[in-house]
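Visitor: Have a look at this one before I ask anything.
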Amino acid sequence: MTVTETKLKDCFIIEPQVFGDKRGYFLESYNAETFKKLTNLDVTFVQDNESFSSRGVLRGLHYQLGEHAQAKLVRVVKGEVLDVAVDIRKDSPTFGQHVAVNLSEENKKQLFVPRGFAHGFVVLSETAIFSYKCDNFYNKASEGSIIYNDKSLNIDWQIDESEMLISEKDTISSSFENAKL
């Protein structure tokens, strides 16, 4: 497993070792001991989630506040997405900055998104199965959302806005400036 810290502290790109032959492939998608050794983070995941989406579906930018904040380890099982993490930790030197990583069934990359980040993705392939581990349980009262096209974040989603399929809830999200952080 290769672990690379992004420009945002504690936000890592994880590339598992893939063993392949004519029968297919095998990879270890997560190992708590290896993860801790390579990141110096002690994370206990308590919930796994999976979504299926078609091309253009944009989910995000979502986050949980306070004691319900969540760290996530995300990956794509089928298809390809552009995955985005935004640092919303007010005391962070990278507050308001983001990273964007292409995650796909081909590259098998994963992104570790720490607590204190907003997260979202857009599907670039015809369909995608997106899987993620969370270190805390979802709490509706603690959720927040930042509008995907916030001018100050200036995220390049790599897809024309006319192709995006966005939930009503996500189209009325707060600007970064007005978000409850």
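Visitor: Can you tell me which residues in the range 1-54 are of a type in the set (Val, Ile, Thr) and either outside any loop (DSSP other than H, G, I, E, B) or surrounded by 13 or more Cβ atoms within 10 Å (Cβ to Cβ) (or both)?
Guide: Across the range 1-54, the qualifying residues are 2, 3, 4, 6, 13, 14, 18, 34, 39, 43.
Visitor: Restrict the check to the range 167-180 and report whether at least one residue is over 11 Å from residue 60 (Cα atoms), out of contact with any Pro (no Cβ under 9 Å at 6 or more places or on another chain) and not in a loop (DSSP other than H, G, I, E, B).
Guide: Checked against the condition, which is being over 11 Å from residue 60 (Cα atoms), out of contact with any Pro (no Cβ under 9 Å at 6 or more places or on another chain) and not in a loop (DSSP other than H, G, I, E, B), the range 167-180 yields at least one hit.
Visitor: Oh, and also: Identify the residue in the range 76-86 that is in contact (Cβ under 8 Å) with a residue 40 or more places away in the chain and surrounded by 24 or more Cβ atoms within 10 Å (Cβ to Cβ) and, among all such residues, is nearest to residue 123 (Cα to Cα).
Guide: 81
Visitor: Within the range 71-106, can you find the residues that are touching a helix residue (DSSP H, G or I) at 6+ places or on another chain (Cβ under 9 Å) and in a loop (DSSP other than H, G, I, E, B)? Walk me through how you get there before you give the answer.
Guide: From the range 71-106, those touching a helix residue (DSSP H, G or I) at 6+ places or on another chain (Cβ under 9 Å) are 73; that's our starting set.
Once the filter is applied, which keeps residues that are touching a helix residue (DSSP H, G or I) at 6+ places or on another chain (Cβ under 9 Å) and in a loop (DSSP other than H, G, I, E, B), the range 71-106 yields nothing.
Visitor: So if I check each of 124, 153, which one is within 15 Å of the chain's Cα centre (by Cα) and either in contact (Cβ under 8 Å) with a residue 40 or more places away in the chain or within 28 Å of residue 46 (Cβ to Cβ) (or both)?
Guide: 124
Visitor: Going through the range 127-150 one residue at a time, which ones are among the basic types (Lys, Arg) and either free of Cβ contacts under 8 Å to residues at least 40 places away in the same chain or in contact with a helix residue (DSSP H, G or I) (Cβ under 6 Å, 6 or more places away or on another chain) (or both)?
Guide: 140
Visitor: How many residues does the range 136-155 contain that are crowded, with 18+ Cβ neighbours inside 10 Å, outside any loop (DSSP other than H, G, I, E, B) and out of contact with any Lys or Arg (no Cβ under 9 Å at 6 or more places or on another chain)?
Guide: Selection size over the range 136-155: 1.
Visitor: Still on this model: Just give me the residues in the range 156-176 being surrounded by fewer than 18 Cβ atoms within 10 Å (Cβ to Cβ) and under 19 Å from residue 85 (Cβ atoms), in sequence order.
Guide: Within the range 156-176, 156, 158, 159, 174, 175 qualify.
Each value in this text was obtained by applying a stated rule to the coordinates, not by laboratory testing. Since this is a predicted model, take the numbers as computed values, not measurements. All Cβ positions, even for glycine, are placed from backbone atoms using ideal geometry, and neighbour counts span all protein chains on display.
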